[in-house]
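The values are calculated or read from the model by the stated rules, or taken from the named source; none is laboratory data. Every value quoted in this text rests on a predicted model; they were computed, and no experiment measured them. All Cβ positions, glycine included, derive from the backbone under ideal geometry; neighbour counts span all protein chains shown. SASA here: full protein model, heavy atoms, side chains in, ligands and nucleic acids out. Shrake-Rupley method; radii C 1.70, N 1.55, O 1.52, S 1.80 Å.
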Amino acid sequence: MGTENPAKAGELIQLLQEVPFEIVMPREVGIGLNVEETGQTQEENARLKAMAYHRASGLVTLADDSGLEVDALFGAPGVRSKRFAGEHASDGERIAFLLEKLKDVAWEKRTARFRCVMAIADLKGRVYLCEGECPGLIAFEPRGTGGFGYDPVFYLPECGKTMAELSPEEKNRISHRARAAEKARGVLKEIAAGIAN
Ligand code: IMP
């Protein structure tokens with residue numbers, strides 16, 4: 001698994017429980033990388049991460065690049081979701097920065113979506129992409145302690161809760177990452193079948 005983010009890794013491990021691979025984290029195989037996300041799109045960044053960890057490990061590798069697209073900000077922060085409030089900002093600072101930008105935006109115009117792109121590199125270095133989205137609205141203030149990143153301000157109208165108020169199981173049923181993982185499970189099964197044959 002090509003990620004150094006423990007919260008993301010925890011969700012991915014749950015979502016990929018049934019794949020026919022043993023899942024290992026970079027540190028478990030002696031890899032410590034800081035992959036620069038220099039791509040112009042989430043697809044490019046997911047591919048960069050998957051290939052960097054694949055080259056370092058020689059293993060089938062899955063990496064995830066996720067982002068928040070806010071309609072009132074014309075799709076920003078999108079691919080810049082991590083660096084939105086500066087290179088070393090915390091989740092809290094990113095949320096505060098986002099809420100400040102949206103302070104004059106009315107509820108019905110606060111529509112947004114989380115978008116997850118997973119890249120899977122196979123043993124030959126071929127990359128497969130899987131995408132998932134989850135629509136919602138940006139709340140006026142943070143609520144909840146679950147999840148990570150922008151979850152406390154991502155409100156899901158059908159649940160009446162923010163993503164951070166969901167249990168880990170609930171988040172993993174409906175999230176952008178869950179939707180991408182559904183496709184990724186199929187790709188991983190095909191790769192495993194190819195290796196076995
Ligand atoms: P990356 O996929 O690690 O590059 O994440 C980009 C940014 O989006 C970071 O600020 C993450 O904290 C945030 N992010 C990624 N996934 C999620 C999620 O599932 N919920 C909330 N924020 C997320």
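Data table
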item: List 54, 88, ordered by accessible area with a 1.4 Å probe, largest first; result: 88, 54
item: Residue-wise HN-Hα coupling along the stretch 36-49, computed from phi with Karplus coefficients 6.51, -1.76, 1.60 (Hz; x: Gly, Pro); result: 6, 8, 8, x, 8, 9, 4, 4, 5, 5, 4, 5, 4, 5
item: Loop chymotrypsin sites (Phe, Trp or Tyr not before Pro), the stretch 1-92, which have at most 10 other Cβ atoms in a 10 Å radius of their Cβ (DSSP); result: 74
item: Loop sites in the stretch 88-152: chymotrypsin sites (Phe, Trp or Tyr not before Pro), DSSP, at most 16 other Cβ within 10 Å; result: 140, 148
item: The chain, helix-only ellipticity at 222 nm - DSSP H runs n ≥ 4, -39,500 (n - 2.57), divided by all residues, nearest 500; result: -10500 deg cm²/dmol
item: Rounded to whole Hz, the Karplus (6.51, -1.76, 1.60) HN-Hα couplings of the stretch 71-85, x for glycine and proline; result: 4, 5, 10, 6, x, 6, x, x, 5, 9, 4, 6, 9, 3, 9
item: Segment residue 38-residue 124, length gained on full extension (0.36 nm per residue, minus Cα span); result: 28.6 nm
item: From phi via Karplus (6.51, -1.76, 1.60), per-residue ³J(HN,Hα) for the stretch 168-183 in Hz, x at Gly/Pro; result: x, 5, 5, 4, 6, 8, 10, 6, 3, 5, 4, 5, 5, 5, 4, 6
item: Under 28 Å from the Cα of residue 161 - lysines, other chains or at least 8 residues apart; result: 8, 82, 101, 103, 109, 171, 183
item: The chain: relative contact order in percent, alpha carbon pairs under 8 Å with at least 6 residues between; result: 20 percent
item: Protein-only accessible surface order, largest first, of 66, 90 at 1.4 Å; result: 90, 66
